[in-house]
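One structure below.
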Amino acid sequence: MKKIQMVDLKGQYEQIKERIDSSILNVVESTAFINGPEVHSFQKELEDYLDVKHVIPCANGTDALQITMMGLGLQPGDEVITADFTFAATVEVIALLQLTPVLVDVEPDSFNIDPEAIKRAITPKTKAIVPVHLFGQSANMDAIMAIAKEHNLYVIEDNAQGIGGNYHSKDGSTSKTGTIGHVASTSFFPSKNLGCYGDGGAIFTNDDDLAHTIRGIVNHGMYQRYHHDVIGVNSRLDSIQATILRVKLTNLDRYNNARREAAKKYTVAFANQKHISTPVIIDKEDTHVFHQYTLRIIDIDRDALVKHLNDNGIPCGVYYPIPLHSQKAYLDKRYNEADFPVTNQLVKEVISLPMHTELDNEQIDFITKTVIDFVNQ
């Protein structure tokens, strides 16, 4: 059995090596490293794939979130509601812009932000909601968009873990995650479902005016060289990363399907295990792209299982071990522990198993047997 990786980027690279190598060489030979034709081609191809009017590439996923909030004109003191159970980048940029983060609980089955918790958190200062499509499954966008419409709020989708997933609305329409809210951000960090070989990110929107504003912000506030019309930052996707992403975008649906197939095998193996709760697909299969395959370990020492897996050569992850409302940087007397029962339970139970496009049956069998043997000992 080949060595098990949490994310097997080398194995994935070997499948597309010839195209990747030639694409990178073409960029080097062209010397068009910043805002070159590869960036513009990737932008157009991603717009077509997502069926969205505007994709604005940028330097990373965290910048994408920050620039989005800058583009919306949010002001210090404005409240932004987001999930307590997610990576810190989501709340980090809210605080950096001197906005007020408002953390709320998540649903126990999807791990995504709870619409009822959003409703309870809205105040006259609320200006935006940031749903995170956590672990690759779409949040309940019908409910979130309805809340936003009622209260005249912006919806910023954090699509860093969900690119390529579909959302099936109650009206019968189907949209890609990241194209439903007013604007969305994503990350192309190497381990993402669509990842480059460095840092990268992008912003999506169907709003022409907002797209124009954001295009200036990512480039020092310039629309014309040396004319700075808005306050901006330096956040650009470089041409080498763009050409890598062009190759990988053509494989994204295949990659996501491979992840779904691996997830099915995991779930079948863990069926009827009383100490193991497998991921729940809330709607149709294509709503989940399994950026992570995350179990809940019930009435078993989760941390002891982590050690057991590592001792057996199986990498795993705990995403996330500490709620954001308990992180030192984001402590706030407004928060009441009673408001976070689901998050506070999840952080004790969750464990993510290896999930990537190159997992084979032998590896999955070994991983699942090792987990089952431990929880039933």
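The values are calculated or read from the model by the stated rules, or taken from the named source; none is laboratory data. Since the structure is predicted, the reported quantities are computational estimates derived from the model, not experimental observations. Note: ideal-geometry Cβ built from the backbone for every residue, glycine included; neighbour counts use all protein chains shown. These accessible areas exclude ligands, DNA and RNA; they are computed on the full protein's heavy atoms, side chains included. Shrake-Rupley method; radii C 1.70, N 1.55, O 1.52, S 1.80 Å.
What are the semi-axes of the equivalent ellipsoid of the chain, taken as the square roots of 5 times the eigenvalues of the Cα gyration tensor, listed largest first and rounded to whole Å?
Details: eigenvalues 212, 157, 61 Å².
Whole-Å semi-axes of the equivalent ellipsoid: 33, 28, 17.
Run the accessible area of the chain with a 1.4 Å probe and give the carbon-and-sulfur part as a rounded percent.
For the chain, the apolar C and S fraction of the accessible surface comes to 50 percent.
If you roll a 1.4 Å probe over the heavy atoms of the protein chains, what accessible area per residue do you get for region 54-160, in Å²? Can you show the working numbers first?
On the way: 3390 Å² over 107 residues.
Per-residue accessible area for region 54-160 comes out at 32 Å².
Could you calculate the contour length gain from residue 272 to residue 149, that is, 0.36 nm times the residue separation minus the distance between their Cα atoms, to one decimal place in nm? If you can, show how the numbers build up before the last one.
Working: separation 123, 0.36 × 123 = 44.28 nm, distance 4.19 nm.
Difference between extended and current length: 40.1 nm.
Suppose each label sits 7 Å from its Cα in the direction of the beta carbon; what would the residue 5-residue 280 distance come out to in nanometres?
If labels sit at residue 5 and residue 280, their model points lie 3.4 nm apart.
Over the chain, what is the relative contact order in percent, taking alpha-carbon pairs closer than 8 angstrom and at least six residues apart?
Averaging sequence separation for qualifying contacts and normalising by length gives 22 percent for the chain.
If you average the sequence gap of Cα pairs under 8 Å that are 6 or more apart and divide by the length of region 32-148, what percent do you get for the contact order?
Details: 139 pairs, mean separation 25.1, N = 117.
Averaging sequence separation for qualifying contacts and normalising by length gives 21 percent for region 32-148.
Just to verify a number: FRET efficiency for residue 170 and residue 253, C-beta to C-beta distance, R0 = 25 Å, to 0.05? Please list the in-between numbers first.
On the way: r = 25 Å, r/R0 = 0.99.
Once the sixth-power term is evaluated, E becomes 0.50.
Per residue, how much accessible surface does region 1-50 expose to a 1.4 Å probe? Answer in Å², no decimals. Walk me through the numbers before you get to the answer.
Values: 3110 Å² over 50 residues.
The answer is 62 Å² per residue.
So for each of 97-105, 169-177 I average, over its residues, the number of other beta carbons within 10 Å; can you give me the resulting order with the highest mean first?
Sorting 97-105, 169-177 by mean packing, highest first, produces 97-105, 169-177.
Roll a 1.4 Å probe over the protein chains and send me the accessible area per residue for region 236-377 in Å². Mind dumping the intermediate values first?
Details: 6540 Å² over 142 residues.
Here the per-residue accessible area is 46 Å².
Out of region 66-147, which trypsin sites (Lys or Arg not before Pro) are coil in DSSP terms and have no more than 13 other C-beta atoms within 10 Å? Before the final figure, lay out each step's value.
Details: sites: 119, 120, 125, 127; in loops: 125.
Passing sites in region 66-147 are 125.
Figure the gain on full extension for residue 362 and residue 19 (residue separation times 0.36 nm, minus the Cα-Cα span) and round it to one decimal in nm.
Numbers: separation 343, 0.36 × 343 = 123.48 nm, distance 2.85 nm.
Additional length available on full extension: 120.6 nm.
Counting only DSSP beta bridges with both residues in the chain, tell me the antiparallel percent, nearest 5. Don't skip to the end; give the middle numbers.
Working: 25 of 40 bridges.
The antiparallel proportion sits near 60 percent.
Does region 96-217 classify as rounded, prolate or oblate by the C-alpha gyration tensor (a ≥ b ≥ c root eigenvalues; a/c under 1.5 gives rounded; else a/b over b/c gives prolate, otherwise oblate)? Spell out each step's value before the answer.
Numbers: a/c = 1.42, a/b = 1.21, b/c = 1.18.
Rounded, since a/c falls under 1.5.
With viscosity set to 1.002 mPa s at 20 °C, what whole-number translational diffusion coefficient in µm²/s follows for region 1-52 from Stokes-Einstein and a Kirkwood radius over Cα pairs? Kindly include the intermediate steps, with their values, before the conclusion.
Working: Rh = 13.5 Å.
In µm²/s, the coefficient is 159.
Quickly estimate the mean residue ellipticity at 222 nm for the chain, helices only: each DSSP H run with n ≥ 4 gives -39500 (n - 2.57), and the total goes over all residues, rounded to 500.
-12000 deg cm²/dmol
I'd like to know how region 283-333 sits against the 2.2 N^0.38 Å rule of thumb: what's its Cα Rg over that expected value? Intermediate results must be reported in sequence, preceding the final value.
Values: Rg = 15.1 Å, N = 51, 2.2 N^0.38 = 9.8 Å.
For region 283-333, the normalised Cα radius of gyration is 1.54.
What translational D, rounded to a whole number of µm²/s, comes out for region 338-377 from Stokes-Einstein when the hydrodynamic radius is the Kirkwood one over Cα pairs, at 4 °C and 1.567 mPa s? Could you put the intermediate results ahead of the total?
Values: Rh = 12.5 Å.
D, rounded to a whole number, is 104 µm²/s.
Just subtract the alpha-carbon distance of residue 348 and residue 226 from 0.36 nm times their residue separation and send over the number in nm, one decimal.
Numbers: separation 122, 0.36 × 122 = 43.92 nm, distance 5.21 nm.
In short, 38.7 nm is gained.
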